[in-house]
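Working notes for the structure below.
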Amino acid sequence: MEVFSGLLQGFQVALTASNLTLCVVGVVLGTVIGVMPGLGPSATIAMLLPLTFKLEPTGAMIMLAGIYYGAKYGGSTTSILLNVPGESSSVVTCIDGYQMARKGRAGAALGMAAIASFIAGTFGVVALMLVAPPLAQMSLAFSAPEYFALMVLGLTMVVLLAGESLTKAVLAMLVGLWIAGMGTDLFTATSRFTFGRLELLGGIDFIIVAIGVFAIGEVIGNMELEKPAQMIPVPKGLRNLLPTWDDMKRCRFAFLNGSVVGFLIGVLPGAGATIASFLSYGIEKGVSRHPEEFGHGAIEGVAAPEGANNAETGGALVPLLTLGIPGSGTTAILLAALVLWGFKPGPLFIQDSPQLFWGLVASMYIGNVLLLVLNLPLVAVFAQLLKVPSYAMYPLILGISIVGVYSVSSSMFHLGLLAGFGLLGYAMRKLDYPTAPLVLGLVLGDPMEKALRQSLMMSQGDLSILLRPIPSVLLGIAALLLVVPIFKKFNAVRVQVIDREA
Amino acid sequence: MQRARNIVAATLAAIAVATALPALAQWTPTKPVEVIVHTGPGGGSDVLARAIVTMMEKEKLVPVRMQVINKPGGNGAVAAAALSEKGNDSHTLGLVTSVWIANALTTAEAKVTVHDLKPIAQLMLEPAVFAVKADSPYKTLKEFVDAAKAKPGALKQSGGSVTSRDNIVRQQLQHATGAKWAYVSFPGGGERLAALLGGHVDIMVIEPQEAGEQVRAGKLRVLAQLSEKRLPGYPDAPTLKEAGFDIQPTPQVRGVVAPPAMPADAAAYWEGRFARLRETPSWKKYVADNQLEEHFLPGEQFRASIQEISKQLREQFVLAGIKVVR
């Protein structure tokens, strides 16, 4: 009942003309910056922070949150159409989304991304509303050993992301892990693999590598083809563009998977949307009845990660609003904003400021509906982009990639890195190395290393700290994931041998 | 005679006007000003810079627009290089913290450091408190230190990088008492606090504003504060000296610097603006809301302050076995 009256109060707050306007402004702005590679929600919110002093805090928070989850909707657009991830949490969407677009199903992929985002985003808000305080307490049980096990579990997904050869996938992943180790080491303040370059002290931003190996590598690879790639037919009419009922049925589990995984990972202060999207993709492929379709345009491969990165928003707000703990860059700015407006984010925040909390929750329901209504018609517009001939398309992709990287780093050195990773992506394509494991290693490498070293610092070097209950279970699943394919292979060989003998 | 006197007076007046002229034609900014910070959007310096920009605008202290430029990477090394490249530009400023001073000591790649830049003004000190979980057995810092002494290495503190203030004060306490406890680095403040609230570590150094809400909710207990005088928000928590530890924690400063060759008139202008800023109600409210310690120093004194902190940090780093490169 308390939830019901709270929500009612929240809708009264969120549905005032000014707050509704701010919600619309937030989600539209979020979609736009989500579509643009490079510029992310955290930079946008930081830039708008001074403006928000002139607003009433609840309305300002509604707008900033709208940018935060709106960007997750927009992030998939360029991933699907151009193979350029719009946000780091949409990197994994490139894998199947772009393949779908190449098969003329861009509309279905874009539509599914919006629908999955809506379902999981709404799930995230419901969960935030219902289970936030107890879940926040439970998330505190998660510490370094648990994170380490989670990252190991994530890394075993290399088995699932591997194409023909597991060896090649593992090699690519190791390169990713190596790149993740670059920069100033937190624990000893020494520099690793910086080659004396000032610009490498902060490590290499994951989005530069992802844009390089995915987008630039793809463009170089395609330019080489003697015959220009066949023009992709774009069906006419919005109805024919959107996902079919069959697509929806296929994605039933992906919606659930994305919602739950995204939300739970979001609650953990040490993970984040990118890791959530990778994990849900891995789970989706792991349980799928036709895993061979993944990587070649499986629609579940779009629905699961796009759902996960949206459910993550609701999850990430749990520790922020119930414990005063920011788990990511964007929530850290939201926390700073709350302090600047004179609020006191902490364990008593919801109790002290029910109007802001419930107003925010209600606005997120409204915002998700708005985003669905906004994004579905946009599918028709964006899908036309594929009619652009390749001599115009490739320069466009290159331009968007360069602007995206420059807007994050404003440095020529990083554009050089982008070119380097583009060539690496091209070489990997030529030599038939999968690129997704490299990106996976890069995403998980840094948190995994930190978690392991933190665990061992806590236990004074005793490895048994990794055998606490939660890590044991996670590591057990990881081991199983690694062993099963080997067993299958062994079995296949055995069957062959028996056949031959027979 | 009268006329002669008038002529003298007029001449004197003319001379006075002539000498006063340069002062009247004081330098003022003519185009948008960039404020370079070393953190990404949402980091400590970034938020402070955006707050300063807003306050300068609101109090109408600067006639042009100011914008924040993020130059993250290398704990200030990238931002210091960016400021240095501006040479004699009068329309660029930078916000520095103690991190820049520590980084200058440990990072070989940094060709330009905070010492090569022109100090404009020290703005504030950032106080901090030692906190434990509310259900922790340790009621005072002495009890914690004694427990650490009884079981060397068994107790744990969560904090940031090994060169951060959190670790330096731990080193000082360990050195003064002979106790030993572990230090676990976490990249984000949220993770440090989560580790303490989850019972994975035993103690942490935390900002007073952040700790205040946890204390009010009955989640944390503050054992001691790292400032010289008791903070208004913590009238009952002893300072380190009052708690019986004769150590001088290295202050955590925040201040403003400029490109190395900024002309003197422009530097004086900016120093004056920040001196005015601290008199404004907006600034006073900001300092109070965030429980900061106002500590203004003009340019040359800020340079001395940086050098003093650098000296203290070098001693501590050597004691802690951290490699010092310059």
For this session: Report whether or not residue B:244 is surrounded by fewer than 18 Cβ atoms within 10 Å (Cβ to Cβ), under 24 Å from residue B:144 (Cα atoms) and touching a Pro at 6+ places or on another chain (Cβ under 6 Å).
Result: no
Those residues of region B:167-195 that are in a helix (DSSP H, G or I), facing chain A (nearest Cβ under 9 Å) and modelled with pLDDT of 90 or more come to a total of 3
When restricted to B:134, B:102, B:148, B:110, the only residue crowded, with 24+ Cβ neighbours inside 10 Å and more than 10 Å from every other protein chain (Cβ to nearest Cβ) is B:148
Within region A:402-418, the count of residues that are farther than 16 Å from residue A:83 by Cβ, assigned to a helix (DSSP H, G or I) and free of Cβ contacts under 8 Å to residues at least 60 places away in the same chain comes to 3
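Please determine whether any residue of region A:478-493 is farther than 30 Å from residue A:78 by Cβ and crowded, with 17+ Cβ neighbours inside 10 Å.
Yes, there is a match, as at least one residue in region A:478-493 is farther than 30 Å from residue A:78 by Cβ and crowded, with 17+ Cβ neighbours inside 10 Å.
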Matching residues in region A:372-392 (free of Cβ contacts under 8 Å to residues at least 24 places away in the same chain and over 12 Å from residue A:73 (Cα atoms)) number 3
Scan region B:253-264 and give yes if some residue there is surrounded by fewer than 21 Cβ atoms within 10 Å (Cβ to Cβ) and either within 14 Å of another protein chain (Cβ to nearest Cβ) or among the aliphatic types (A, V, I, L, M) (or both), otherwise no.
-> yes
Can you find even one residue in region A:491-500 that is within 14 Å of chain B (Cβ to nearest Cβ), in a helix (DSSP H, G or I), of a type in the set (A, V, I, L, M) and without any contact (Cβ under 8 Å) to a residue 60 or more places away in the chain? no
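Take the conditions small (Gly, Ala, Ser) and either under 27 Å from residue B:191 (Cβ atoms) or in contact with a Pro (Cβ under 7 Å, 6 or more places away or on another chain) (or both) and apply them to residue A:353. Does it pass?
yes
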Exercise for review: Could you please let me know if residue B:225 is surrounded by 21 or more Cβ atoms within 10 Å (Cβ to Cβ), away from chain A (no Cβ under 13 Å) and in contact with a Leu (Cβ under 7 Å, 6 or more places away or on another chain)?
Suggested key: yes
If we keep only residues of region B:40-79 that are assigned to a helix (DSSP H, G or I) and more than 9 Å from chain A (Cβ to nearest Cβ), then the residue surrounded by the fewest Cβ atoms within 10 Å (Cβ to Cβ) is B:55
Does residue B:164 satisfy being within 14 Å of another protein chain (Cβ to nearest Cβ), in contact (Cβ under 8 Å) with a residue 40 or more places away in the chain and either within 30 Å of residue A:455 (Cα to Cα) or of a type outside the set (Val, Ile, Thr) (or both)?
-> yes
Test for residue A:382: is it closer than 17 Å to residue A:84 by Cβ, in contact with a Leu (Cβ under 8 Å, 6 or more places away or on another chain), in a helix (DSSP H, G or I) and among the hydrophobic types (A, V, I, L, M, F, W, C): yes
TODO: With respect to residue A:330, determine if the residue is within 14 Å of chain B (Cβ to nearest Cβ) and out of contact with any Lys or Arg (no Cβ under 7 Å at 6 or more places or on another chain).
DONE: yes
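Conditions tested, residue by residue: (1) of a type in the set (Gly, Ala, Ser); (2) in contact with a helix residue (DSSP H, G or I) (Cβ under 8 Å, 6 or more places away or on another chain).
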site	(1), (2)
B:180	no, yes
B:196	no, no
B:202	no, yes
B:227	yes, no
B:239	no, no
B:244	yes, yes
B:250	no, yes
Flagged in region A:346-370 as more than 20 Å from residue A:127 (Cβ to Cβ) and facing another protein chain (nearest Cβ under 8 Å), in numbering order, are A:346, A:348
Going through region A:157-215 in order, the residues found to be more than 14 Å from chain B (Cβ to nearest Cβ), buried (at least 20 other Cβ atoms within 10 Å of the Cβ), part of a loop (DSSP other than H, G, I, E, B) and more than 17 Å from the chain's Cα centre (by Cα) are A:162
Within region A:14-42, of all residues that are in a helix (DSSP H, G or I) and without any contact (Cβ under 8 Å) to a residue 24 or more places away in the chain, the one nearest to residue A:84 (Cα to Cα) is A:21
In the set A:98, A:68, A:73, the lone residue that is in a helix (DSSP H, G or I), hydroxyl-bearing (Ser, Thr, Tyr) and out of contact with any Gly (no Cβ under 8 Å at 6 or more places or on another chain) is A:98
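The values are calculated or read from the model by the stated rules, or taken from the named source; none is laboratory data. All values reported here derive from a predicted model rather than from experimental measurement. Cβ coordinates were reconstructed from backbone atoms using ideal geometry, including for glycine residues, and neighbour counts include every protein chain displayed.
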